[in-house]
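Reading through the structure tokens given below for one structure.
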Amino acid sequence: MNTLEVRGLSYRYADGTAALQDVSFSLAEGERVGLLGPNGAGKSTLLLHLNGLLPERPAAEPAVRVFGTPVAAPHLETIRAQVGLLFQDPDDQLFCPTVWEDVAFGPQQWGLRGAALAARVSEALAQVGLAGFEERLPHHLSRGEKRRVCLAGLLACDARVLALDEPTSELDPRGRRELMALLARLPIAQIIATHDLEFVVESCPRALVLDHGQIVADGPTADLLNDEALMLAHGLERPHILRHRHPH
Ligand code: ADP
């Protein structure tokens, strides 16, 4: 069974903007996929659909399934724990006075308390390399550390798919490398919307290109990014690191 299955997903915002048109793809267990496309292509809109943050029309056949379960009522609570959405701006995601409380927030909603909760939080912080940060104030951390706290919060909820919106944006080189290494270590399916094409080359064997709400390419990252015509047609460019490599 696919981890994530999207079939014929279309979405229009209330003002009539057609943000997604007949989008279909699937994600296998543990697969890491780069989601590319110019600004306004529909990347964020697509990620929001993966855990039901944007409502589908009630009558429609659910277009998104996670481990076979439709992303629709009455499954939304379960889906929201399974699909961890990392917002572009970590300040939108962190709202507790300490790192510990922020990471504990999700599992607490699920009824975890006491030693089990403490163990879950410690484990999630260790996974993101932030053991010892428990009492730190989230808003005093670097942007890279904030992103890792957000990720720990998702892992503490036992997320089985991560949907990441521009995870490397506005990070310094070290923060970016640390985050890339961390994502590469996580054995969880990931869909990563990004303009950081070098990150996609290094971290994602497969890429999707979205433009005007439609998937215009889906395949091995190197093949897509080496296709200069495809890149130019969709407002992207072949990343510098590929220029030093032979296409195949
Ligand atoms: P991307 O993440 O690829 O930059 P978005 O998913 O943010 O693209 O946007 C897709 C399209 O939907 C764009 O045309 C954008 O202007 C439009 N859009 C995004 N959010 C809203 C909204 N809340 N209301 C109306 N239109 C929106």
Show the residue pairs meeting these rules: Cβ distance below 9 Å; 6+ apart or different chains; first residue within region 41-60 and closer than 19 Å to residue 214 by Cβ and at pLDDT 90 or above; second residue among the aromatic types (Phe, Trp, Tyr) and surrounded by fewer than 18 Cβ atoms within 10 Å (Cβ to Cβ).
45/13
Selection from region 198-224 of residues that are of a type outside the set (Gly, Ala, Ser), more than 18 Å from residue 49 (Cβ to Cβ) and out of contact with any strand residue (DSSP E or B) (no Cβ under 7 Å at 6 or more places or on another chain)
198, 199, 201, 202, 223
Report, by residue number, each residue of region 15-32 that is among the hydrophobic types (A, V, I, L, M, F, W, C), more than 15 Å from the ligand (Cβ to nearest atom) and within 16 Å of residue 210 (Cα to Cα).
25, 27
Give me the residue from region 1-12 that is in contact (Cβ under 8 Å) with a residue 24 or more places away in the chain and not in a loop (DSSP other than H, G, I, E, B) and, out of that set, nearest to residue 79 (Cα to Cα).
4
When residues of region 226-237 are limited to those that are crowded, with 17+ Cβ neighbours inside 10 Å and in contact (Cβ under 8 Å) with a residue 24 or more places away in the chain, the one farthest from residue 201 (Cα to Cα)
234
Determine which single condition residue 119 fails, assuming it passes every other condition in (1) under 24 Å from residue 82 (Cβ atoms); (2) modelled with pLDDT under 95; (3) surrounded by fewer than 14 Cβ atoms within 10 Å (Cβ to Cβ).
(2)
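Within region 151-166, is even one residue among the charged types (D, E, K, R) and part of a helix (DSSP H, G or I)? So that I can check it myself, show each step before the final result.
As a first pass, look at region 151-166 and keep what is among the charged types (D, E, K, R): 158, 160, 165-166.
Now restrict to residues that are part of a helix (DSSP H, G or I): none.
No; the residues of region 151-166 include none that is among the charged types (D, E, K, R) and part of a helix (DSSP H, G or I).
Hey, any hits in region 187-203 for a residue that's in a loop (DSSP other than H, G, I, E, B), more than 16 Å from the ligand (Cβ to nearest atom), touching a helix residue (DSSP H, G or I) at 6+ places or on another chain (Cβ under 9 Å) and in contact (Cβ under 8 Å) with a residue 60 or more places away in the chain?
In the first step, residues of region 187-203 are kept if they are in a loop (DSSP other than H, G, I, E, B); the result is 187-188, 194-196.
Going one step further and asking which of them are more than 16 Å from the ligand (Cβ to nearest atom), we end up with 187-188.
Okay, now just the ones that are also touching a helix residue (DSSP H, G or I) at 6+ places or on another chain (Cβ under 9 Å), so 188.
If we keep only those that are in contact (Cβ under 8 Å) with a residue 60 or more places away in the chain as well, we get 188.
Within region 187-203 (the criterion being in a loop (DSSP other than H, G, I, E, B), more than 16 Å from the ligand (Cβ to nearest atom), touching a helix residue (DSSP H, G or I) at 6+ places or on another chain (Cβ under 9 Å) and in contact (Cβ under 8 Å) with a residue 60 or more places away in the chain), the answer is yes, since at least one residue qualifies.
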Within region 13-39, which residues are touching a residue at least 60 places away in the same chain (Cβ under 8 Å) and among the small types (Gly, Ala, Ser)?
18, 19, 24, 28, 30, 34, 37
Just to check your reading of the model, which residue among 12, 80, 65 is away from the ligand (no atom under 16 Å from the Cβ) and either within 14 Å of the chain's Cα centre (by Cα) or within 30 Å of residue 233 (Cα to Cα) (or both)?
80
Residues being more than 30 Å from residue 172 (Cβ to Cβ), under 24 Å from the mean Cα position of the chain (by Cα) and among the hydrophobic types (A, V, I, L, M, F, W, C) - total across region 105-147:
1
I'd like to check something: does region 36-53 contain any residue that is in a strand (DSSP E or B), touching a Ser or Thr at 6+ places or on another chain (Cβ under 8 Å), surrounded by 14 or more Cβ atoms within 10 Å (Cβ to Cβ) and not basic (Lys, Arg)?
yes
Across region 13-35, what is the total count of residues that are charged (D, E, K, R), part of a strand (DSSP E or B) and closer than 22 Å to residue 203 by Cα?
1
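The values are calculated or read from the model by the stated rules, or taken from the named source; none is laboratory data. Note that the structure is a prediction, hence the values are computed from the model and not measured. Counting neighbours? That spans all protein chains shown, and the Cβs are built from the backbone with ideal geometry, glycine included.
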